[in-house]
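Notes for the one structure printed next.
Just so it is clear, none of the values below were taken in a lab; they were calculated from the coordinates. Quick caveat: nothing in here was measured; it's all calculated off a predicted structure. With ideal geometry, Cβ positions are generated from the backbone for all residues, glycine too; neighbour counts draw on all protein chains shown.
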Amino acid sequence: MSKRDSKTTRASPPRQLPILLIAVVVLGVAALIGYQLWTSRPAATVGAVDYPTGLTPDGYPYKGNPEAKIIIEEYSDFQCPVCARYTREVAPRLDEKYVKAGKVYYIFRYFPFLGPESFRAAEAAACAAEQGKFWEYERMVFANQRGENLGWFSDDRLIGFATRVGLDRGAFENCLLSGKYRDFVRSAADAGRQRGVRATPTIFINGEKIEGLYDVTFYETYIDTLLRQGQ
């Protein structure tokens, strides 16, 4: 027997590549279907606002009492998922306990930084503020996030949100498509950066900066302390 023949013949490894390719394709199709189902969910709805609202002299939406001792400023991006959690978990408690009672003057300051859809959603919100429904529109947009810069905040959908909160569709559409608030929103983002805002949500309470999201009791304790001190 030759040296070659005397060697033990090893079995070739199984050809797994086609199976792996099939698995990858199946997972990809499943992920695509899941994403389409996720993005096609019906738009969430929001309730009416029942506290004083308006615009500050420099054009930002406010709620509450302009004469209040406590001033809260929120820097937010409409594509930010943590901002959506703040709007869902913290803001309603603050509204109920302080805004409605006239103890807080609350200002929303646009800080789009996550991409083009952040800027477009902020422009849309400014158009809603023009018709006196910023806070309803803000909650509608946050309630209907579907990921960042994936095409969800298209002009058509932003206009649809306006209809759902009772805005004049024609006036809103003209406002958004004209780019009326494009420069305002960009200058708002620049002003936030100049103030040291780096991420969202960033909250200022009587000028003191609080970055990130905390449990609602944190904000309540902070505000109650200031109220006791008469600040």
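Place +1 on the Cβ of every Lys and Arg and -1 on the Cβ of every Asp and Glu in the range 80-215, take the dipole about the Cα centre, and give the residue among Trp152, Leu213, Ser178 whose Cα lies farthest towards its positive end.
Ranked along the dipole, the leading option is Leu213.
By count of other Cβ within 10 Å, fewest leading, how are Val197, Val141 ordered?
Fewest to most other Cβ atoms nearby, the residues stand as Val197, Val141.
Less than 9 Å Cβ to Cβ from Phe119, Lys/Arg counted +1 and Asp/Glu -1: what total charge do the surrounding residues give?
+1
Enumerate the amide H contacts of Leu167 below 5 Å, restricted to partners 5 or more residues apart or on another chain; note that Pro and chain-start residues carry no placed amide H.
none
Suppose the chain between Phe218 and Leu55 were pulled fully straight at 0.36 nm per residue; how much longer would it get relative to their current alpha carbon spacing?
That works out to 55.9 nm of additional length.
Which whole-number percent is the relative contact order of the range 53-229 (Cα, under 8 Å, 6+ apart)?
It rounds to 30 percent for the range 53-229.
Over the range 121-217, what is the relative contact order in whole percent, taking alpha-carbon pairs under 8 Å and six or more residues apart?
With pairs under 8 Å counted, the relative contact order is 26 percent.
Measuring from label point to label point, each 7 Å out along Cα→Cβ, what is the Asp168 to Ala199 span in nm?
So the label points at Asp168 and Ala199 sit 4.2 nm apart.
Rounded, prolate or oblate: which fits the range 51-124, taking a ≥ b ≥ c as square roots of the Cα gyration tensor eigenvalues, rounded meaning a/c under 1.5, else prolate when a/b beats b/c?
It is oblate, given that a/c is not under 1.5 and a/b is not larger than b/c.
Loop-only chymotrypsin sites (Phe, Trp or Tyr not before Pro) in the range 134-185, please: DSSP not H, G, I, E or B, and at most 12 other Cβ atoms within 10 Å.
Filter output for the range 134-185: empty list.
Could you calculate the contour length gain from Asn149 to Lys209, that is, 0.36 nm times the residue separation minus the distance between their Cα atoms, to one decimal place in nm?
Once the chain is fully extended between Asn149 and Lys209, it gains 18.8 nm.
For a quick check of your reading of the filter: which trypsin sites (Lys or Arg not before Pro) in the range 140-207 sit in a DSSP loop and have no more than 16 other Cβ atoms within 10 Å?
Taking the range 140-207 and a limit of 16 other Cβ atoms within 10 Å, the loop trypsin sites (Lys or Arg not before Pro) found are Arg146, Lys180, Arg195, Arg198.
Distance check, please: which entries in Lys63/Lys209; Lys69/Lys97; Lys100/Lys180; Lys69/Lys180; Lys97/Lys180; Lys100/Lys209 exceed 25 angstrom between their Cα atoms?
Where the Cα-Cα span goes over 25 Å, the pairs concerned are Lys100/Lys180; Lys69/Lys180; Lys97/Lys180.
Tell me the label-point distance for the pair Lys97, Asp183, using the 7 Å Cα-to-Cβ offset, in nm and rounded to one decimal.
The two pseudo-label positions are separated by 4.2 nm.
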